[in-house]
1. What are the residues in segment 26-42 that are surrounded by 18 or more Cβ atoms within 10 Å (Cβ to Cβ) and either modelled with pLDDT of 85 or more or touching a strand residue (DSSP E or B) at 6+ places or on another chain (Cβ under 9 Å) (or both), if any?
2. Among the residues of segment 260-269, is there at least one that is within 15 Å of the chain's Cα centre (by Cα) and of a type in the set (A, V, I, L, M)?
3. Just the residues that are within 14 Å of Ile40 (Cα to Cα) and surrounded by fewer than 21 Cβ atoms within 10 Å (Cβ to Cβ), please, taken from segment 279-312.
4. Here are some residues: Ala141, Ala92. Which one is assigned to a helix (DSSP H, G or I), hydrophobic (A, V, I, L, M, F, W, C), more than 29 Å from the chain's Cα centre (by Cα) and at pLDDT below 90?
5. Quick check on segment 102-156: of everything there that is of a type in the set (Gly, Ala, Ser) and buried (at least 17 other Cβ atoms within 10 Å of the Cβ), which residue is nearest to Met183 (Cα to Cα)?
6. What tally of residues in segment 100-130 results from selecting those that are part of a loop (DSSP other than H, G, I, E, B) and at negative phi?
7. Could you identify the single residue in Ala11, Ala2 that is outside any helix (DSSP H, G or I), modelled with pLDDT under 85 and surrounded by fewer than 17 Cβ atoms within 10 Å (Cβ to Cβ)?
8. Please find, within segment 302-327, the residue that is modelled with the highest pLDDT out of those that are part of a loop (DSSP other than H, G, I, E, B) and closer than 20 Å to Trp16 by Cα.
Amino acid sequence: DATAAPVAGIAIISTWIGLELSLITQGFQSIGMNVSGFGIFLQTIPFRFYNILILIFIVISALTYYEFGPMKEAEKKARARKEDEPVESLEATSFDDVKPVEGIKLSVWNAIIPIGVLIVGALIAFYWSGYTTILGGEDQALITLMKTSPLSFSGIFEALAASDASVALFQAALLASIVAILMAVLQKIMTIEEAISEWVGGMKTIVITGVILLLAWSLGGVIGELGTADYLVGVLAGAIPIFILPTLIFVLGALISFATGTSYGTMSILMPLTIPLAWAVNPEMGFVIVCTSGVLTGAIFGDHCSPISDTTILSSMGTSCNHIDHVSTQIYYAIFVAAIAIIFGYIPAGFGIQWYISIPVAIVVMYIGLRVLGEKVPFDEAA
């Protein structure tokens with residue numbers, strides 16, 4: 001679960017980036033600035049302290065075998081279990097009834113090729129979308145760059161920054177779907193009717209995501225029309241220390257996302273408020289970027305460990321793990337890493353300390369904390 005939302009939140013190719021870029025762009029437009037949403041997104045990545053630290057924490061814990069809290073007891077229980085001992089699982093989420101077609105040779109390439117097409121297709125679609133947008137625009141400097149050096153580093157960066165992520169991802173996903181269907185049909189794994197039926201069935205699983213997005217955008221629109229951002233700017237602009245704002249935004253994002261279980265909704269609520277407030281408190285682009293990362297990262301916290309989050313539910317379902325056990329074992333780790341992200345990440349960032357100083361210090365503290373709080377659970381652990 002820790003490699004779900006934390007990775008998706010910083011990935012440049014994901015279903016998340018379309019919403020993130022639109023919220024960032026709209027937020028800066030509300031303060032009269034026309035910026036590259038993709039460019040701002042890239043600048044926030046080093047300040048996604050929780051995302052970065054939780055991924056590093058996984059590696060440290062896995063390599064050292066150190067665990068603490070309920071996870072330590074769960075690991076001991078798992079190590080002591082005999083091979084023939086039955087494992088408690090969720091029957092409703094078991095995949096035992098999903099069987100490959102008899103007589104068909106299984107091949108990992110049936111998964112690798114469509115996924116590869118999705119990734120490569122997305123990169124090409126991102127570039128082409130931005131390329132055509134720039135050529136159709138009025139910025140002569142960028143138009144000249146695209147005509148003279150379209151594949152230079154600057155050309156690629158500007159094209160990606162100007163791209164429409166939602167359209168590019170849709171095009172890549174559609175192409176990958178067509179490739180997957182053709183591969184299944186040509187290998188006689190499925191008929192064309194069966195392949196399309198399975199494709200439609202797969203899309204049903206993301207209907208709830210579409211509903212959440214629609215409601216989140218609606219809520220964000222209402223917040224904008226009510227002038228909530230202007231009200232908060234007036235109330236808080238001189239009432240809070242500047243350095244604490246990134247931390248406050250991260251904590252608010254974490255609380256809202258944990259209570260609602262949706263990072264999309266949290267981002268849609270906080271982003272229209274955060275950028276105007278941060279700019280009013282401290283009109284420095286670097287400070288606004290740190291506060292923006294606080295929204296995007298705080299929203300991840302709840303998506304990572306809220307018991308009603310879709311990614312948390314899918315993680316427990318996908319592994320046939322008891323859902324409450326899954327939540328209770330990982331929430332201690334999430335809070336531990338979030339506390340370190342605040343103390344050694346967002347508070348220093350509020351004082352202007354750069355990420356390349358904060359992150360190494362946070363990693364060292366995280367390692368020491370794991371050794372102090374945790375206990376080594378080797379594979380030969382006995383009951």
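The values are calculated or read from the model by the stated rules, or taken from the named source; none is laboratory data. Note that the coordinates shown come from a computational prediction; the quantities given were computed from them, not determined experimentally. Positions of Cβ are backbone-derived with ideal geometry, glycine not excepted, and every protein chain shown enters the neighbour counts.
1. Gly27, Phe28, Ile40, Phe41
2. Checked segment 260-269: at least one residue is within 15 Å of the chain's Cα centre (by Cα) and of a type in the set (A, V, I, L, M).
3. Within segment 279-312, Glu284, Met285, Gly286, Phe287 meet the criteria.
4. Selected residue: Ala141, the only one of Ala141, Ala92 that is assigned to a helix (DSSP H, G or I), hydrophobic (A, V, I, L, M, F, W, C), more than 29 Å from the chain's Cα centre (by Cα) and at pLDDT below 90.
5. Applying the filter and picking the extreme gives Gly121.
6. The number of residues fulfilling the criteria is 8.
7. Unique residue meeting the criteria: Ala11.
8. Applying the filter and picking the extreme gives Ser306.
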